[in-house]
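Note sheet for the following structure.
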Amino acid sequence: MNVIVCMKQVPDTSEVRIDPETNTIVREGVPSIINPFDENAIEAAVQLVEEHGGKVTVITMGPPQAEQALREALAMGADEAILLSDRALAASDTLATSYVLSCAIRRIGDYDLILCGKQAFDGDTAQVPPGIAEQLGLPQITYVIGLEVVGDKVRARRLLEGRYEVVEARMPAVLTADKHMNEPRRPGLKSVLAAKKKEIPVWDAAGCDIQVSSCGLEGSPTRVIRTFAPSHEHEGEMIEGDPRDAACQLVEKLAAAKLV
Ligand SMILES: Cc1cc2nc3c(=O)[nH]c(=O)nc-3n(C[C@H](O)[C@H](O)[C@H](O)COP(=O)(O)OP(=O)(O)OC[C@H]3O[C@@H](n4cnc5c(N)ncnc54)[C@H](O)[C@@H]3O)c2cc1C
């Protein structure tokens, strides 16, 4: 069972700041961590390989300092790590990022599952894993809270609002991990020291047959026109009083507005 984990290094803050001039995320001066959902993906991958054998390969597309996050993933039990780093890839949007990662995954080859986090804490779009599945023509299961391998299929529990559903897909498949999937392990000193000694290859665009015209700022179709925090003030009114009367009043108002 060979599992590839796509992992992103994100700023260690829930207060992501946007540069008002460039409309990009401010990363300077903010310490970085492994995207928390990606830790769940790594944990799930390591557990699968502990049970079925095989190897876990972690890949990230990012600047050279993303190597630190890869070492943390190695300390958690990943067998190999790859840094995909090239100036031509900088400023890629979600479509371009999915394309770039899928090219690198093709180069890795021989995999049964691709695990991702359900979304990144900074970009927050949850678009990259479905993009990878589309690029590679693979089935996908999102918001996974549990999984088991049954023959050549993966059976996963998907978290929905207030319930979950069980979905089966043939492998290889792309899965995205929810935080309820597991408790990521905290590696001991021995694992951390061993991870420091591991070789981490750096792949560039040319080495992965990536068309640079399809990535980076120029190759990204998304244009951020404006960013703003949505207002928390809601327009509307409270209908007070007896619930039965309130319900009748609500229906009358909705009917007057031609909504029912
Ligand atoms: C014009 C433009 C310019 C941008 N420039 C940059 C930039 O310079 N630097 C930057 O970091 N972002 C940049 N972004 C944001 C960029 O779109 C996202 O960071 C990136 O594509 C991932 O999207 P996301 O963060 O929403 O990830 P999501 O789709 O929410 O991530 C879900 C999962 O996908 C996987 N994943 C996502 N990104 C990566 C990755 N890079 N490597 C491995 N796995 C990954 C992880 O498993 C993650 O948990 C830019 C966006 C736009 C529109």
The chain: antiparallel DSSP beta bridges as a percent of all, rounded to 5 | 45 percent
Kindly point out which whole DSSP H helices in the chain project their C-alpha atoms 18 angstrom or further along the helix axis while averaging a Kyte-Doolittle hydropathy of -1.0 or above.
-> 36-52, 94-108, 243-256
Under a Cβ-Cβ cut-off of 11 Å, what is the net charge of the residues other than Leu159 that fall near it, where Lys and Arg count +1 and Asp and Glu count -1?
-> +2
Could you point to the residue in Gly241, Ser214, Val260 farthest towards the positive end of the chain's charge dipole, with +1 and -1 charges on the Cβ of Lys/Arg and Asp/Glu respectively?
-> Ser214
Where in the stretch 98-123 does the label zone of Val150 land, with the point 7 angstrom along Cα→C-beta and an amide N cut-off under 11 Å?
-> none
Members of Lys55/Lys190; Lys8/Lys197; Lys8/Lys190; Lys153/Lys190; Lys55/Lys118; Lys118/Lys253 lying beyond 31 Å, as alpha-carbon distances in this model show = Lys153/Lys190; Lys118/Lys253
What dipole magnitude, in Debye to the nearest 20, does the stretch 2-214 give about its Cα centre under +1 on Lys/Arg Cβ and -1 on Asp/Glu Cβ?
-> 400 debye
When the chain is modelled as a GNM with alpha-carbon springs shorter than 10 Å, which of Glu240, Glu134, Glu43 fluctuates the most?
-> Glu240
By a straight-distance test (C-alpha under 17 Å), which aspartates and glutamates pair with Lys196 as possible cross-link partners, with residues fewer than eight away in the same chain excluded?
-> Glu67, Glu72, Asp79, Glu80
Lys/Arg Cβ at +1, Asp/Glu Cβ at -1, dipole of the chain taken about the Cα centre: which of Gln127, Phe228, Leu101 is farthest positive-ward?
-> Leu101
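Laboratory data are not the source of any read-out in this text; all were calculated from the coordinates shown. None of the values given here were measured: they were computed from a predicted structure. When we count neighbours, we look across all protein chains shown, and the Cβ atoms used for this are built from the backbone with ideal geometry, even at glycine.
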